[in-house]
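Below is one structure, written out as structure tokens; the observations come after it.
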Amino acid sequence: MDDVDRSILAVLEQHGRISNQELANRVGLSPSPCLRRVRRLEETGAIRGYRALLDPAAVGRGLRVLVGVRLLRHARADVRQFESQVVRLREVVHCHHVTGNYDYLLQVEVADLPAYEAFHADRLASLPGVAAVTSYVVMKTLSAGNA
């Protein structure tokens, strides 16, 4: 991977629906070599896919909560059981297995606080092997694109 490939990836990361012509112009290539590079980046797995970024509030998920989960036991079978069940919860947008005070950090998106309370009490805390759940309500999200 060279600097041109990295430039292509940077542009596509911000503008996934950009035309090949515009992408080629931005990275200083003609369209054919640019398209060949994009195809190669897709084939090698550097580009795993393209997706739409949704406005969570517009789709009924206006409350974002970061959740730390600790498990009772860390035996492989217990970890697998928790993982197989947590990824089935539609409210869980991301699940990260981490080190530190928690075993997992989840990004949960729901409509509002009562919806989160129901999710927490009825679904998340009742998963097998969960010892503790700590919730952090997100007040604002900053990223390089909107800071």
| request: Would you check if LEU35 is within 21 Å of the chain's Cα centre (by Cα), surrounded by 15 or more Cβ atoms within 10 Å (Cβ to Cβ) and part of a helix (DSSP H, G or I)? | output: no
| query | Could we say that ARG6 is under 25 Å from the mean Cα position of the chain (by Cα), over 30 Å from LEU113 (Cα atoms) and either surrounded by 12 or more Cβ atoms within 10 Å (Cβ to Cβ) or at pLDDT 95 or above (or both) here? | reply | yes
| request: Evaluate the stretch 56-69: report whether one residue or more is over 30 Å from ASP112 (Cβ atoms) and modelled with pLDDT under 95. | output: no
| query | Filtering the stretch 101-124 down to residues that are among the acidic types (Asp, Glu) and within 24 Å of LEU54 (Cα to Cα), which residue is surrounded by the most Cβ atoms within 10 Å (Cβ to Cβ)? | reply | GLU109
| In the stretch 12-32, what count of residues is obtained for those that are under 15 Å from ASP2 (Cα atoms) and either of a type in the set (A, V, I, L, M, F, W, C) or surrounded by 15 or more Cβ atoms within 10 Å (Cβ to Cβ) (or both)? | 2
| query | Which ranges mark the strands (runs of 3 or more DSSP E) fully within the stretch 49-147 that have 3 or more residues being within 30 Å of ALA10 (Cα to Cα) and touching a residue at least 24 places away in the same chain (Cβ under 8 Å)? | reply | 63-71, 104-110
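The values are calculated or read from the model by the stated rules, or taken from the named source; none is laboratory data. Please read these numbers as outputs of a predicted model, since none were measured by experiment. In this analysis, Cβ positions are derived from the backbone assuming ideal geometry, glycine residues included, and neighbour counts consider all displayed protein chains.
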